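Colleague: Please find one structure pasted underneath; my questions will follow.
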Amino acid sequence: MNEQKPEDVYTHGHHESVVRAHASRTAENSAAFVIPHLTAGTSVLDVGCGPGSITCDFAELVAPAKVVGLDRSAEIVAQAASLAAERGVENVEFVTGNIYDLDFEDETFDLVHAHQVLQHLTDPVAALREMRRVAKPGAIVAVRDADFHGMSWYPEVRELDDWMELYQKIARRNGAEPDAGRRLVSWAQQAGFTDVAPSSSNWLYATAQQRRWQSRVWSERVLHSAFAEQALEYGLANEADLARIAAGWHRWGSTDDGFFLIPNGEVIARA
């Protein structure tokens, strides 16, 4: 196994608004490119599983095979385990761990998955190498990440431009890569994969309900999550700046014709 590296700084943190957003993700809306590879008997490791909604979906698709969800936060792992119990999913286990030093033997899993994880790492290539290590020969390593500079919205709201600029500064101050989606093929190749199949898919917020949800979640995150704490700590914004950006999110969410597109890069790489 690899020598353990220091923990990366997670730009989003685990404020309730962040966890609520992550818990809305399902295999269908966030990992559709993986579903064709999930058949009964496929063992799965879901790295950076968060509150476990995608992981539980995977477990239902591959039962009776075992699925392991791994996250570095013990609090989030506990929430994921509670979700599994609530849903009655018995073939899933949630554990804490470090993506750079996975506590599994070589060639353990049929599929290793990470959703919106690599963008937060200081060394995504090392993480992919470690994911490859625990994948069986010929097994799949599947990753999906948003591309922040690829996001687009309408109408033009200056505060959302400021939000994007601030997010980029915070993430890069943390040594992370917010425009990860476009880099996944390159990172996979650097990690030693030679069979790399890229794809992409979007999240779209363009109905009244979707606009309200997206604007509420991000306005709360701008004010109260680790994003806000880091913006202030790093001297990249003050409280007035954050309040103004949050208000901009609300203004966008109240439009009748608002459109917010989040593109995601995806890779299916074979070990």
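Colleague: Scan the stretch 215-245 for residues that are more than 20 Å from VAL9 (Cβ to Cβ) and among the polar types (S, T, N, Q) and jot them down.
Modeller: SER215, SER219, ASN238
Colleague: Can you confirm whether the stretch 155-170 contains a residue that is farther than 30 Å from ASP241 by Cα, open to solvent by less than 10 Å² (accessible area, probe 1.4 Å) and not polar (S, T, N, Q)?
Modeller: no
Colleague: Identify the residue in the stretch 106-164 that is hydroxyl-bearing (Ser, Thr, Tyr) and in contact with an Asp or Glu (Cβ under 9 Å, 6 or more places away or on another chain) and, among all such residues, is farthest from SER201 (Cα to Cα).
Modeller: Per the stated criteria, the residue is THR122.
Yes or no, residue by residue, for (1) more than 21 Å from ILE268 (Cα to Cα); (2) among the basic types (Lys, Arg); (3) out of contact with any Gly (no Cβ under 7 Å at 6 or more places or on another chain); (4) modelled with pLDDT of 95 or more:
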residue	(1), (2), (3), (4)
ILE99	no, no, no, yes
LEU111	no, no, yes, yes
VAL117	no, no, no, yes
VAL125	no, no, yes, yes
ALA135	no, no, yes, yes
ASP147	no, no, no, yes
VAL157	yes, no, no, yes
ILE170	yes, no, yes, yes
ALA176	yes, no, yes, yes
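Colleague: Taking the conditions exactly as written (modelled with pLDDT of 95 or more, outside any helix (DSSP H, G or I) and charged (D, E, K, R)), does GLU165 satisfy them or not?
Modeller: no
Colleague: Sort out which residues of the stretch 118-153 are in a strand (DSSP E or B) and under 12 Å from the mean Cα position of the chain (by Cα), and write them in order of number.
Modeller: Within the stretch 118-153, VAL143, ARG144, ASP145, ALA146 qualify.
Colleague: Give me the pairs: first residue in the stretch 196-214 and touching a residue at least 40 places away in the same chain (Cβ under 8 Å) and outside any helix (DSSP H, G or I), second residue of a type in the set (S, T, N, Q) and open to solvent by less than 70 Å² (accessible area, probe 1.4 Å), beta-carbon distance under 6 Å, and six or more apart or on different chains, which are they?
Modeller: Final answer for the pair search is SER201/ASN264; TYR205/GLN214.
Colleague: Then there's this: Residue by residue through the stretch 156-196, note down the ones that are within 17 Å of the chain's Cα centre (by Cα) and not hydrophobic (A, V, I, L, M, F, W, C).
Modeller: Selection gives TYR167, GLN168, ARG172, ASN174, GLY175, GLU177, PRO178, ASP179, GLY181, ARG182, ARG183.
Colleague: Any idea how many residues of the stretch 247-271 are touching a residue at least 40 places away in the same chain (Cβ under 8 Å) and assigned to a helix (DSSP H, G or I)?
Modeller: Qualifying residue count for the region: 6.
Colleague: Cβ-Cβ below 8 Å, separation at least six or inter-chain, first residue in the stretch 69-94 and without any contact (Cβ under 8 Å) to a residue 60 or more places away in the chain and open to solvent by 70 Å² or more (accessible area, probe 1.4 Å), second among the aliphatic types (A, V, I, L, M) and assigned to a strand (DSSP E or B): which pairs?
Modeller: Sorted first by the residue in the stretch 69-94, then by its partner, the pairs are GLU93/VAL67; GLU93/VAL68.
Colleague: Another one. Consider the stretch 221-271. How many of its residues are open to solvent by 20 Å² or more (accessible area, probe 1.4 Å), closer than 25 Å to ASP147 by Cβ and of a type in the set (S, T, N, Q)?
Modeller: 1
Colleague: Quickly run through the stretch 189-210 and pick out the residues that are buried (at least 19 other Cβ atoms within 10 Å of the Cβ) and in contact with a helix residue (DSSP H, G or I) (Cβ under 6 Å, 6 or more places away or on another chain).
Modeller: Scanning the stretch 189-210 gives ALA191, TYR205.
The values are calculated or read from the model by the stated rules, or taken from the named source; none is laboratory data. Just so we're clear, the structure is a prediction, and the values are computed from it rather than from any experiment. Backbone-built Cβ (ideal geometry, glycine too); neighbour counts: all protein chains shown. These accessible areas exclude ligands, DNA and RNA; they are computed on the full protein's heavy atoms, side chains included. Shrake-Rupley method; radii C 1.70, N 1.55, O 1.52, S 1.80 Å.
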